[in-house]
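Some notes on the structure that comes next.
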């Protein structure tokens, strides 16, 4: 069966609401995160965060659902599906926190009325988001939820593509969601992994990551135009080297990249550009660099990174960064990060600095998650 195409997308990040607004913002330089006050256990801290643009952080439990519905509607409108096609679509949701932000908001509201209120009294299930989406958009196909750290929504794309190619469904809706919540914010804050400036992956001055909010939606279905993006191949592997990270020698990173290329029936030389995972944390950058060297030797393709712009969006980064990369490539440019990894440093990596011309070609997108879950996607708009 013919491979499905990416036929409709919607996205909301710190850069703006909608695909067009995000693409325009990616032509400029990345900006540092804003300090966000976090209250917990009668304490107050500030955590650097890339919050959604034009969406007040009102701490209400409806914020999550409002953002989700708007982004999904944007993707469905772009895909121009009929009501019948929507009903038959399969649903794939990838996230690290799912509806925890809504659960925290409900708990805060309960505390106002009852100081003895119990946290998480409202069910916080991995399936809550999928159930809400199914009911709101009258989706009657199968649904799946993925929680594999930073690879969650990238893995959702892999499985959506496979289900369509197997002839089980004709269309699929993939959703990636990550909104601010205290559990995530304070978890990373306690690990001392956060920077208060622009993220600088692979740069000698890198000093950590900034968390970010993203909601993204992608519709897969039959190709209906020239130069539409398709998934040529992909792979997912778990690295048992460590409970928290990939092997720093790059062996597991290289293995998943090789398997993705094999699935796409391509050689490393066929890759015209590569989107790095690029977390700006010491071990992740080292492992990713070593893996790329193993695959591409010294002939690395042009490299770009998106986290300096939108922050590390955890389970949503797989889909969010895929949509942003494709949207820019559709407009014939490769994303640049002015001032980030301008020259080769200790890792010997240089990132593309300015938006540069990009013709239809084959591309690789990498995601290497906390806990050693690694995913590589090979896409094409040739």
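Key figures for this structure:
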quantity: Residue match in the range 236-254 (condition: part of a loop (DSSP other than H, G, I, E, B), within 17 Å of residue 379 (Cβ to Cβ) and touching a residue at least 24 places away in the same chain (Cβ under 8 Å)); calculated: no
quantity: Wholly enclosed strands (runs of 3 or more DSSP E) of the range 15-129 bearing at least 3 residues in contact with a strand residue (DSSP E or B) (Cβ under 8 Å, 6 or more places away or on another chain), surrounded by 16 or more Cβ atoms within 10 Å (Cβ to Cβ) and in contact (Cβ under 8 Å) with a residue 40 or more places away in the chain; calculated: 43-50, 90-94
quantity: Qualifying residue in the range 318-333 (condition: part of a loop (DSSP other than H, G, I, E, B), touching a residue at least 24 places away in the same chain (Cβ under 8 Å) and crowded, with 24+ Cβ neighbours inside 10 Å); calculated: no
quantity: Those residues of the range 336-362 which are in contact with a strand residue (DSSP E or B) (Cβ under 6 Å, 6 or more places away or on another chain) and closer than 30 Å to residue 243 by Cα, in sequence order; calculated: 351
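Here is a yes/no grid of residues against (1) within 20 Å of the chain's Cα centre (by Cα); (2) within 25 Å of residue 48 (Cα to Cα); (3) surrounded by fewer than 21 Cβ atoms within 10 Å (Cβ to Cβ):
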| site | (1), (2), (3) |
| --- | --- |
| 216 | yes, yes, no |
| 227 | no, no, yes |
| 234 | yes, no, no |
| 242 | no, no, yes |
| 268 | no, no, yes |
| 273 | yes, no, yes |
| 276 | yes, yes, no |
| 296 | no, no, yes |
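Just so you know, all these numbers are worked out from the coordinates, no wet-lab data involved. Predicted model, so just to flag it, every value in this text is computed and none were measured. Cβ: placed from backbone, ideal geometry, glycine included. Neighbour counts: every protein chain shown.
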